[in-house]
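The values are calculated or read from the model by the stated rules, or taken from the named source; none is laboratory data. The structure presented is a predicted model; accordingly, all values stated were derived computationally and were not measured. Virtual Cβ from ideal backbone geometry, glycine too; neighbours counted across all protein chains shown. For the accessible areas, the whole protein counts, side chains as well, though only heavy atoms, and no ligand, DNA or RNA atoms are used. Shrake-Rupley method; radii C 1.70, N 1.55, O 1.52, S 1.80 Å.
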Amino acid sequence: MEFIKVTEQKEPFIALIELNRPKELNALNKQLMEEVRDALQVLDKNEKVRVIIITGNEQAFAAGADIKQMADKSAIEMLLVDQFSTWDQIRKTKKPIIAAVSGFALGGGCEFAMTCDMIIASETAKFGQPEIKIGTIPGAGGTQRLTRAIGKAKSMELILTGRFLSAEEAHFYGLVNKVVPKEMYMHEAIELAKEIAQLSPVAVQLAKEAVNRSYETHLDEGLAFERKNFYLTFASEDQKEGMQAFVEKRKADFKGR
Ligand code: CAA
C-alpha cells in the first residue's frame, strides 16, 4: 500500500485506515481509492474487525479528487477510466465506517467523508464542494449526499458558490455527528467505534443496511426492508444472547453469529 496505512487492531475490533499523501493534502488519486477499496474488502471479511475508522491527518482529511490527474482528460477518457466504480464498491462495505476528519474535507474529500456512515470532526475541519471554482461539479455523490444531509437550500449555496462550511456549521446542519477540539477527534472516533464494537455485529450490519435503504427508496419499501432485517436478527445467536442477558440483568456477550 503506497498511499494508505492500515492498522487492523487499533483497538480490539477496531481497524484504522489512514490516508497518507500528505504533500498533496491527501488528494484522492485513482490508486489511493483502489487501495482503500481493497483494504475495506479485506477488513469487511475479518472477524476480528467490527468497526472501521478512516482518517487523514490534522491538516487534511482529503482536499478532493486529484485535479492534476484529471486536468487534461477528455470526457470519454474520464468515462473509460470509470474511477467512481471503485467508490461504488466502497459504498458496499457492510461494517460501519466512521470518518475522523480534521482540516480540509473538500470536493471528493467531502464526498468520501459522506460515503462513510458517521463523521467525527475536529474544530478545524472545513467541508465543501468547491468543484464549481474549477469549472466542474461534484462527481462522487456530492450533489446527492450533501443535499440529503443538510437540505436543499444550504447544499445549493455550497455547490453553486464553492463556499466552505466550518465544523460548527457542519454540525449545526447535521452533516457531522460531533465536533471536538483538534487533539480529541481521533479519541472521540475511537470512543464511538468502541461503543458500536461491543454490540452484535450481525444486528449492526443489518441496521446499517436498513438506514442506508432510507436514502434509496420510498417509505413503504424502506419500512418493509427494515422489517425484514428486524426479523432476520431473530435468526442470530446474538439476538438470543442480547435479550436473554437483558432478562437476566447481565451484560451481553456478542459473538457475531
Ligand atoms: N488535487 C491535486 N493536488 C492537490 C489538491 C487536489 N484536489 N488539493 C491540493 N493539492 C496539492 C496542491 O497542488 C499543492 O501541491 P504542490 O505543493 O505540488 O503545489 C499541495 O497539495 C498543497 O496545496 P496548496 O499549496 O494549494 O495548499 P493551501 O493550504 O494553500 O490550500 C486548499 C489548500 C484550499 C485545499 C487548496 O489546495 C485547494 O483549493 N485544493 C483544491 C480543492 C478542490 O478544488 N477540490 C475539488 C477537486 S475536484 C473533485 O473532487 C471532483 C469530484 O467530485 C470527485
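At-a-glance table
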| read-out | value |
| --- | --- |
| Top positive-direction residue, dipole computed over the range 28-98 with Cβ charges, set T86, A65, I97 | I97 |
| Of K95/K133; K10/K255; K23/K95; K154/K182; K68/K208; K133/K208, pairs whose Cα-Cα distance is over 28 Å | K95/K133; K23/K95; K68/K208; K133/K208 |
| Apportionment of accessible area to carbon and sulfur, the range 128-227, percent (1.4 Å) | 56 |
| Among P181, Q198, V211 - extreme Cα towards positive end, dipole of the range 163-257, charges at beta-carbon | Q198 |
| Rounded if a/c under 1.5, otherwise prolate or oblate - the range 157-257, Cα gyration tensor axes | oblate |
| Accessible area (Å², 1.4 Å probe, nearest 10) - D82 | 80 |
| Relative contact order for the range 1-102, counting Cα pairs under 8 Å that sit 6 or more residues apart, in percent | 33 |
| The chain: C-alpha gyration tensor shape, a/c 1.5 cut-off, then a/b vs b/c | prolate |
| Those aspartates and glutamates that a straight Cα-Cα span of less than 18 Å connects to K73, excepting residues fewer than 8 apart in one chain | D82, E131 |
| Accessible surface of the range 1-87, 1.4 Å probe, proportion on carbon and sulfur as whole % | 52 |
| Per-residue [θ]222 nm for the chain (sum of -39500 (n - 2.57) over DSSP H runs n ≥ 4, rounded to 500) | -14000 deg cm²/dmol |
| Between the range 14-35 and the range 226-257, the alpha-carbon center distance in angstrom | 36 |
| Listed residues I132, I4 arranged by accessible area, highest first, probe 1.4 Å | I132, I4 |
| Heavy atoms of E11 accessible to a 1.4 Å probe, total area in Å² rounded to 10 | 60 |
| The range 167-257: relative contact order as a whole-number percent, Cα under 8 Å and 6+ apart | 25 |
| Volume per residue that the Cα convex hull of the range 1-70 spans, once the total is divided by residue count, Å³ | 75 |
| Dipole of the chain, positive direction: furthest Cα of F13, M114, I76, with charges on the beta-carbon | F13 |
| Where the chain is the region considered: accessible area per residue in Å², 1.4 Å probe | 54 |
| Dipole magnitude of the chain about its Cα centre (Cβ charges: Lys, Arg +1; Asp, Glu -1), debye to nearest 20 | 340 |
| Heavy atoms of I134 accessible to a 1.4 Å probe, total area in Å² rounded to 10 | 100 |
| Sum of side-chain charges, A167 neighbourhood, beta-carbon under 9 Å (Lys, Arg +1; Asp, Glu -1) | -2 |
| Global form of the range 83-142, assessed from the alpha-carbon gyration tensor, a/c cut-off 1.5 | oblate |
| Largest to smallest accessible area among Y185, Y173, Y215, Y231 [probe 1.4 Å] | Y231, Y215, Y173, Y185 |
| Average Cα contact separation per residue, the chain, under 8 Å, 6 or more apart, as relative contact order % | 15 |
| Listed residues S214, S74 arranged by accessible area, highest first, probe 1.4 Å | S214, S74 |
